[in-house]
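A quick write-up on the structure given underneath.
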């Protein structure tokens with residue numbers, strides 16, 4: 001799945017992981033309320049940015065053909 005599109009996640013943007021939830025839940029408190037985290041990289045991005053651990057950030061109303069999301073549900 002890496003490299004297909006930037007993947008939106010629920011987290012607000014934080015410059016580092018200091019104070020991040022340890023249970024894997026979304027980090028929605030604090031940080032930059034005007035930015036959301038994107039992970040991975042898009043199809044045209046340099047390969048060094050394709051790791052799922054690589055983060056970027058944009059306004060939540062940003063739209064283009066490089067950013068997407070994955071819908072998941074617990075069964």
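Any read-out appearing in this document is the output of simple, stated calculations on the displayed coordinates, not a laboratory observation. Everything numeric here is computed off the predicted structure, so don't read it as measured data. When we count neighbours, we look across all protein chains shown, and the Cβ atoms used for this are built from the backbone with ideal geometry, even at glycine.
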Return the single residue from 55, 35, 63 with maximal mean-square fluctuation; model: Gaussian network over the chain, springs between Cα atoms under 10 Å. 63
Could you calculate the contour length gain from residue 50 to residue 22, that is, 0.36 nm times the residue separation minus the distance between their Cα atoms, to one decimal place in nm? 7.7 nm
Given the peptides 36-48, 7-19, arrange them by the average over their residues of other C-beta atoms within 10 Å, most packed first. 36-48, 7-19
